[in-house]
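A.B. asks: Take this structure, written in structure tokens, and hold onto it; I'll ask about it next.
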Amino acid sequence: MLNTLLTYLSYPFVRYALIVGVLIALCSSLLGVTLVLKRFSFIGDGLSHVAFGAMAIAAVLNMTNRMLIVLPITVVCAVLLLRTGQNSKIKGDAAIAMISVGALAFGYLLMSMFSTSANLSGDVCGALFGSTSILTLTKTEVWLCLILSAAVLLLFTLFYHRIFDVTFDENFSRAAGTHVEAANLMIAVITAVIIVLAMNLVGSLLISALIIFPALSAMRIFRSFLSVTLCAAVVSVTCAFLGIIISILAGTPVGSTVVAVDVAAFALCALIGDMRYKI
Amino acid sequence: MPQIICENASLGYEGRPIVKDLNFTVNAGDYLCILGENGSGKSTLMKTILNLTPPLAGSIRMEGLKPTEIGYLPQQTQVQRDFPASVQEIVRSGFQGRCGLRPFYTREEKALADRNLERIGMEGFAKRSYRELSGGQQQRVLLARALCATQKCLLLDEPVSGLDPKATAQMYEIISGLHREGITVIMISHDLSAALDDATHVLHIGERIFFGTREEYLHSGVGFQPRKED
């Protein structure tokens with residue numbers, strides 16, 4: 001088995017997949033802690049459906065670099081969702097549900113009406129559940145992913161305390177003169193970037209899992225924000241790594257394998273957390 | 001020395017006034033208790049003092065004090081009660097107002113945060129998890145955070161709501177201790193008896209507005225009066 005693994009690792013596309021997968025897992029888990037605590041879990045889900053719709057537009061337009069259209073649309077929707085979530089006639093959760101199913105329906109409609117591909121259901125299934133696209137990454141896509149991940153990591157480190165502040169207590173932050181709206185905007189934009197990156201790995205329906213599971217797992221065991229954040233990152237990276245390896249060896253779909261490993265990790269962490277409480 | 005001067009202010013939101021013609025002055029070192037029924041405009045007044053909503057008319061001025069230099073103790077939200085954070089992380093976040101874009105806290109700030117924990121009698125709790133503390137302890141941690149944001153003035157929004165009698169008494173004792181140290185205290189409360197024990201001034205808002213010292217309030221007949229036998 002080790003030999004098979006080593007053979008696979010000698011292929012550059014497998015190495016690319018591992019690098020990109022691990023980076024995406026790292027970024028999504030960092031933001032996940034904040035999103036879960038701010039009760040924003042579903043924004044991730046809503047945005048991923050938007051990204052699917054945008055992907056459909058890109059597919060219909062036959063664009064070579066789909067990121068160019070998917071990224072801006074998702075970022076704009078992230079900003080809109082955050083705005084409507086705060087004060088409007090349609091309340092936050094309803095707005096998210098509306099945008100997400102709307103985008104899903106339009107995405108599928110566009111793809112079925114205008115798609116030139118012979119294998120429509122395969123395309124749709126790939127976009128929703130993650131296809132082999134993680135194994136067919138080009139060098140440009142790997143670089144793009146590296147740069148965006150580095151930017152996310154840098155922003156997160158620089159604004160770590162501000163992110164904590166607005167997550168824990170927006171009212172106090174506002175009174176202390178922190179620009180809460182700007183911070184929320186930054187969180188939403190980074191979330192959108194991560195979701196677009198993660199589409200390659202797990203597909204749009206499974207992205208939320210990548211965002212929320214590591215955070216929830218870490219919260220079962222640890223009790224401070226820093227330790228939860230670090231633990232979520234470690235859990236997420238480990239799960240992504242194991243998931244990709246398992247899927248290569250067992251020939252299972254990458255996205256759902258990674259998510260399955262995340263679920264298993266959550267069960268394990270919940271168990272450890274319970275035992276720690278009892279002792 | 002006046003710190004906060006409110007002149008003929010009308011407060012409200014979306015152009016609808018809730019309180020009209022409000023006049024009061026808070027001097028450095030005062031302990032002002034703001035009383036009023038639900039919906040009487042207490043929280044709007046608080047937001048106006050913090051410079052988060054402008055008054056509809058009139059003015060609220062500060063002298064020698066910026067709105068961001070007021071140590072604010074907001075009411076707890078549901079999210080916070082089981083938030084995974086250590087006491088230390090929360091207390092230090094009181095410095096966010098003076099950090100600006102500086103990403104990390106300085107050594108002095110960290111030491112000051114520890115001192116503020118001592119001031120509220122919670123030294124030794126720095127590494128403990130916030131969500132495992134009792135309601136009274138959580139409230140004291142948030143008070144320590146407010147102290148990190150200010151050296152001059154505290155604004156407390158219902159600081160004892162939801163606390164048991166023992167924790168309530170302890171909280172009031174800590175607050176009057178801080179007041180004796182020379183910090184201005186502005187407290188919004190439902191709890192009349194506490195107001196009358198510790199406060200130096202009372203502002204009652206509602207249908208009738210009253211502002212004056214504690215003694216004047218007791219003889220004014222505004223609002224509810226403590227029973228004679230108390």
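A short reminder: the numbers here are calculations on the coordinates, not readings from a lab. Keep in mind that this is a model prediction, so the values were computed, not measured. Note that each Cβ is placed from the backbone with ideal geometry, even for glycine, and that neighbours are counted across all protein chains shown.
A.B. asks: May I ask you to compute the full-extension gain from B:D198 to B:Q78, defined as 0.36 nm times their residue separation minus their alpha-carbon distance, rounded to one decimal in nm?
C.D. replies: Values: separation 120, 0.36 × 120 = 43.20 nm, distance 2.94 nm.
Full-extension gain reported as 40.3 nm.
A.B. asks: Please arrange A:H49, B:H204 by how many other C-beta atoms lie within 10 Å of their C-beta, fewest to most. Before the final figure, lay out the partial values.
C.D. replies: Numbers: A:H49 27, B:H204 23.
Fewest-to-most ranking of A:H49, B:H204: B:H204, A:H49.
A.B. asks: Bin all alpha-carbon pair distances of region B:131-230 at 10 Å intervals from 0 and give each bin's fraction as a whole percent.
C.D. replies: All Cα pairs, binned at 10 Å, distribute as 13, 45, 32, 9, 1 percent.
A.B. asks: Shielding by partners for A:223-235, please: the mean number of other protein chain Cβ atoms within 10 Å of each residue's Cβ. Show your work: numbers first, answer last.
C.D. replies: Working: counts 10, 11, 8, 5, 4, 3, 1, 0, 0, 0, 0, 0, 0.
Rounded to a whole number, the mean comes out at 3.
A.B. asks: Another question, then. Rank B:G177, B:C148, B:L163 by how far each Cα sits towards the positive end of the charge dipole of region B:144-199 (+1 on Lys, Arg Cβ; -1 on Asp, Glu Cβ) and give me just the farthest.
C.D. replies: Of the listed residues, the answer is B:C148.
A.B. asks: Another one. Between A:A150 and A:L249, what FRET efficiency comes out of the Förster formula 1/(1 + (r/R0)^6) with R0 = 22 Å and r the beta carbon distance, rounded to 0.05?
C.D. replies: Numbers: r = 30 Å, r/R0 = 1.35.
Result of the calculation: an efficiency of 0.15.
A.B. asks: Next question, about the same structure. Which number do you get for Rg(Cα) / (2.2 N^0.38 Å) in region A:2-278? Write out the running numbers ahead of the final one.
C.D. replies: Values: Rg = 18.7 Å, N = 277, 2.2 N^0.38 = 18.6 Å.
My calculation over the Cα atoms of region A:2-278 gives 1.00.
A.B. asks: Take A:M199, A:M186 and order them by how many other Cβ atoms sit within 10 Å, fewest up front. Intermediate results must be reported in sequence, preceding the final value.
C.D. replies: Numbers: A:M199 29, A:M186 17.
Going from least to most buried by this count: A:M186, A:M199.
A.B. asks: State to the nearest 20 debye the size of the charge dipole of the protein assembly as shown about its Cα centre, where the only charges are +1 on K and R beta carbons and -1 on D and E beta carbons. All intermediate terms of the calculation are to be shown ahead of the outcome.
C.D. replies: Working: 40 positive and 38 negative charges, 214 e Å.
The calculation lands at about 1020 debye.
A.B. asks: Moving to a separate point now. Limiting things to C-alpha atoms, what are the Rg and the maximum Cα-Cα separation (Dmax) for region B:77-150, in angstroms?
C.D. replies: Reported Rg and Dmax, both Å: 11.7, 34.
A.B. asks: Let me ask something additional. Once phi is turned into θ = phi - 60°, what whole-Hz ³J(HN,Hα) does the Karplus curve with 6.51, -1.76 and 1.60 give for every residue of region A:102-111, x standing for Gly and Pro?
C.D. replies: x, 5, 4, 5, 5, x, 5, 4, 4, 5
A.B. asks: For every helix of n ≥ 4 consecutive DSSP H residues, a contribution of -39,500 (n - 2.57) applies; sum these over chain A, divide by its total residues, and give [θ] at 222 nm rounded to the nearest 500 deg cm²/dmol. Could the numbers behind the result be given before it?
C.D. replies: Working: 13 runs with 231 residues, N = 279.
Roughly -28000 deg cm²/dmol at 222 nm, from the helical runs in chain A.
A.B. asks: If region A:138-228 were replaced by its equivalent ellipsoid, with semi-axes equal to the square roots of 5 times the Cα gyration tensor eigenvalues, what would those be, largest first, whole Å? Don't skip to the answer; put the middle values down first.
C.D. replies: Working: eigenvalues 137, 62, 29 Å².
Ellipsoid semi-axes (Å, largest first): 26, 18, 12.
A.B. asks: Taking amide H positions as placed in the peptide plane 1.01 Å from N, state which residues far from B:A28 in sequence (5 or more) or on other chains have amide H under 5 Å from it.
C.D. replies: Here B:Q3 satisfy the definition.
A.B. asks: Using the crude model of +1 on Lys and Arg Cβ and -1 on Asp and Glu Cβ, and no other charge, please compute the dipole size for region B:77-150 relative to its Cα centre, in debye to 20.
C.D. replies: Charge dipole of region B:77-150: 120 debye, to the nearest 20.
A.B. asks: Under a no-solvent Debye model with one identical scatterer per Cα of the protein assembly as shown, what's log10 I(q)/I(0) at q = 0.09, 0.11, 0.13 Å⁻¹?
C.D. replies: -0.73, -0.96, -1.18
A.B. asks: Please report, in whole Å, how far the alpha carbons of region B:1-158 spread along each principal axis, starting with the longest.
C.D. replies: In descending order, the Cα extents are 47, 32, 30 Å.
A.B. asks: Charges at C-beta only: +1 for Lys and Arg, -1 for Asp and Glu. How large is the resulting dipole of region A:13-106 about its Cα centre, in Debye rounded to 20? Please report the intermediate quantities before stating the final value.
C.D. replies: Working: 7 positive and 2 negative charges, 33 e Å.
Result for region A:13-106 is approximately 160 debye, rounded to the nearest 20.
A.B. asks: If you don't mind, another one. Give, in nm to one decimal, the length gained when the segment between B:E37 and B:T213 is fully stretched (0.36 nm per residue of separation minus the Cα-Cα distance). Don't skip to the answer; put the middle values down first.
C.D. replies: Numbers: separation 176, 0.36 × 176 = 63.36 nm, distance 1.96 nm.
Difference between extended and current length: 61.4 nm.
A.B. asks: Charges on Cβ only, +1 for Lys and Arg, -1 for Asp and Glu, centred on the Cα centroid of the protein assembly as shown; of A:A58, A:S10, A:I207, which one is farthest towards the dipole's positive end?
C.D. replies: Checking the options against the dipole of the protein assembly as shown, the answer is A:S10.
A.B. asks: May I pose another question? Can you list the HN-Hα couplings for region B:73-88, worked out from phi with the Karplus curve (6.51, -1.76, 1.60; θ = phi - 60°), rounded to whole Hz and with x for Gly and Pro?
C.D. replies: 3J(HN,Hα) across region B:73-88, in whole Hz: 10, x, 6, 5, 9, 4, 4, 5, 4, 10, 8, x, 8, 7, 4, 4.
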